[in-house]
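Structure, as structure tokens:
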Amino acid sequence: MKWEGQRQSDNVEDRRESGGAGLGGLGGGGGRRVGGRGIGLGTVAIALLAGWIFGINPLTVLGLLGGGGLSEPAPQVQQAPADRASVRDPMAMFVSTVLADTEDVWGELFKAQGGAYQQPKLVLFRGATPTACGTGQSAMGPFYCPGDQKVYIDLAFYQTLRDKLGAPGDFAQAYVIAHEVGHHVQNLLGITEKLDAQRGRIPEVRMNALSVRLELQADCLAGVWAHHAQRSRQVLEQGDVDEALNAAAQIGDDKLQRQSSGAIRPESFTHGSSAQRVSWFKRGLSGGRMADCNTFDARQL
């Protein structure tokens with residue numbers, strides 16, 4: 001992936017040395033909670049969101065974003081300025097550059113629909129850190145917290161992605177960030193809140209099925225980002241797409257379940273099978289259209 005020398009985002013908070021210090025009133029996960037959980041890439045960091053029973057297409061609300069959106073904004077927590085001087089190691093610079101590229105792409109896409117994109121923060125941490133969704137831990141993998149509109153990542157996850165999950169490559173790493181930003185887009189569109197409002201009202205199996213649709217949509221939105229990043233800035237190099245597709249395949253529920261227990265239980269899937277994750281990422285990548293990512297109306301995933 002061609003990323004060196006590109007713009008880095010100003011929306012990076014580096015908590016790796018502070019251990020989460022200087023976060024004001026956040027405390028141990030204060031502030032507005034959305035289901036008390038974050039939305040993550042891996043099966044451990046999962047928000048089992050329920051609902052979507054009204055048949056409303058979330059893509060129709062895009063034009064409302066410039067006027068305040070569908071819901072009350074999450075309260076902002078007073079924080080110390082990010083330590084920009086510390087965001088100088090290569091991996092931190094990489095994720096900062098990827099985040100900046102997602103800002104450019106989604107800013108243009110929202111503007112084209114008459115809306116205004118609200119940029120998320122990306123928090124680098126080690127071990128554990130307080131969030132508006134509770135305490136975030138490295139073992140959860142990267143995740144997005146709707147309550148404070150932030151993506152959280154312990155960069156050690158990338159070593160796990162490469163060495164234990166079999167998904168090496170910088171574009172595989174970019175896919176991870178783009179997927180979590182996809183959850184932020186869902187939050188801005190009101191999808192996350194609508195789903196969470198129905199939490200606990202339907203059986204767990206149904207909740208799992210809807211969580212799969214939420215996660216596959218985030219995969220598709222990651223593909224939409226990659227499509228426009230390539231068209232505008234030619235960021236892709238040979239093998240990059242294969243890296244992202246391989247990453248999506250390696251973290252499919254069926255593959256992870258087979259590796260952990262030898263048994264596959266589709267009714268317990270929360271993120272989708274390897275084939276589904278690959279398919280929806282490719283759908284977003286090929287067309288670059290948000291409308292193609294409406295997993296909630298899809299008859300077959």
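Any read-out appearing in this document is the output of simple, stated calculations on the displayed coordinates, not a laboratory observation. The structure displayed is predicted, hence computed values, not measured ones. Don't worry about glycine lacking a Cβ; one is built from the backbone with ideal geometry, like all the others, and counts go over all protein chains shown.
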Highest average packing first - 191-202, 176-187, Cβ atoms within 10 Å: 176-187, 191-202
My understanding is that a pair violates if its Cα-Cα distance is over 24 Å; which of LYS121/LYS194; LYS2/LYS111; LYS150/LYS194; LYS121/LYS255 do that in this structure? LYS2/LYS111; LYS121/LYS255
Between THR131 and residues 5 or more places away or on another chain, the pairs with built amide H atoms under 5 Å apart involve GLY29, GLY136
For region 163-177, Karplus couplings with θ = phi - 60° (6.51, -1.76, 1.60), whole Hz, Gly/Pro x: 8, 9, 9, x, 10, x, x, 5, 6, 4, 5, 5, 4, 4, 5
Built amide H within the under 5 Å cut-off of GLU13, gap 5+: LEU122, VAL123, LEU124
Residue by residue through region 280-297, what is 3J(HN,Hα) from phi via Karplus (6.51 cos²θ - 1.76 cosθ + 1.60, θ = phi - 60°)? Round to whole Hz and write x for glycine and proline. 6, 5, 5, 4, x, 5, 6, x, x, 10, 4, 4, 6, 9, 7, 5, 6, 9
Using θ = phi - 60° and the Karplus form 6.51 cos²θ - 1.76 cosθ + 1.60, what ³J(HN,Hα) does each residue of region 133-148 get, whole Hz, x for Gly and Pro? 9, x, 6, x, 10, 4, 5, 6, x, x, 8, 10, 9, x, x, 10
Interchain or sequence-distant (5+) residues whose placed amide H lies within less than 5 Å of the amide H of LEU301 are none
Can you tell me which of 128-141, 217-230 comes out highest on packing, and rank the rest after it, using the mean Cβ neighbours within 10 Å? 217-230, 128-141
Please say if region 118-223 is rounded, prolate or oblate, where rounded means a/c under 1.5 for a ≥ b ≥ c the square roots of the C-alpha gyration tensor eigenvalues, and otherwise the choice is prolate for a/b larger than b/c and oblate otherwise? prolate
